[in-house]
1. Every residue in the stretch 49-66 that is open to solvent by less than 60 Å² (accessible area, probe 1.4 Å) and either more than 9 Å from the chain's Cα centre (by Cα) or of a type outside the set (Val, Ile, Thr) (or both), please.
2. For the stretch 77-88, what are the residues that are over 12 Å from the mean Cα position of the chain (by Cα) and either open to solvent by less than 70 Å² (accessible area, probe 1.4 Å) or farther than 16 Å from Lys22 by Cα (or both)?
3. Does the stretch 39-48 hold any residues that are over 12 Å from the mean Cα position of the chain (by Cα) and at pLDDT 95 or above, and which are they?
4. I need a count of the residues in the stretch 34-45 that are open to solvent by less than 50 Å² (accessible area, probe 1.4 Å) and either farther than 15 Å from Asp79 by Cα or in contact with a His (Cβ under 7 Å, 6 or more places away or on another chain) (or both).
5. Does the stretch 47-59 include one or more residues that are under 22 Å from Asn2 (Cβ atoms) and touching a helix residue (DSSP H, G or I) at 6+ places or on another chain (Cβ under 9 Å)?
6. Can you tell me which residue in the stretch 1-33 is farthest from Val71 (Cα to Cα), limited to those that are open to solvent by 70 Å² or more (accessible area, probe 1.4 Å) and in a strand (DSSP E or B)?
7. Run down Ala46, Ala54 and say which single residue is assigned to a loop (DSSP other than H, G, I, E, B) and touching a Pro at 6+ places or on another chain (Cβ under 9 Å).
8. Going by the conditions given, is Ser69 free of Cβ contacts under 8 Å to residues at least 12 places away in the same chain and in contact with a strand residue (DSSP E or B) (Cβ under 6 Å, 6 or more places away or on another chain)?
Amino acid sequence: MNFLEPLKISLAQKSPLYIKVKVLPKSPKNEIVEILEDGTYKIRVAAPAEDGKANAELIRFLKKSLGASEVKIISGKTDRIKLIRITR
C-alpha cells in the first residue's frame, strides 16, 4: 500500500503538517510501512541509529518523497517516536 499519497494530499491542503513517526533504523530500504491505530506513521530507514544518521535519513526521505521544502524533527531526536513538522 502506498502511504505517501495521503501525506502528499494532506500537505497540499495544510502547511505546515505535523505527523508522529515511529522510526525503524537499519532496515533494507527507506519506506513507510504502515499507519498505526493512533495515526503514527511507521517508517523504515536504511541508516543506523547512531550519530544522528537515522534522523538525517528520515528527513531526506520525507523531504524527497513529499516534495517538501522543510522537514524538521520537533521532538524525539533520540527516541524512536518523533514529532515531525513538514512544510510545503
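The values are calculated or read from the model by the stated rules, or taken from the named source; none is laboratory data. Quick caveat, the model's predicted, so the values are computed rather than measured. Cβ atoms come from the backbone with ideal geometry, glycine included; neighbour counts cover every protein chain shown. Calculation scope for accessible area: heavy atoms of the full protein, side chains included, ligands and nucleic acids excluded. Shrake-Rupley method; radii C 1.70, N 1.55, O 1.52, S 1.80 Å.
1. Gly52, Ala54, Asn55, Ala56, Glu57, Leu58, Phe61, Leu62, Ser65, Leu66 - these are the residues of the stretch 49-66 that are open to solvent by less than 60 Å² (accessible area, probe 1.4 Å) and either more than 9 Å from the chain's Cα centre (by Cα) or of a type outside the set (Val, Ile, Thr) (or both).
2. Thr87, Arg88
3. Ala46, Ala47, Pro48
4. 1
5. No: zero hits.
6. Lys20
7. Going through Ala46, Ala54 in turn, just one is assigned to a loop (DSSP other than H, G, I, E, B) and touching a Pro at 6+ places or on another chain (Cβ under 9 Å): Ala46.
8. For Ser69, the condition - free of Cβ contacts under 8 Å to residues at least 12 places away in the same chain and in contact with a strand residue (DSSP E or B) (Cβ under 6 Å, 6 or more places away or on another chain) - is not met.
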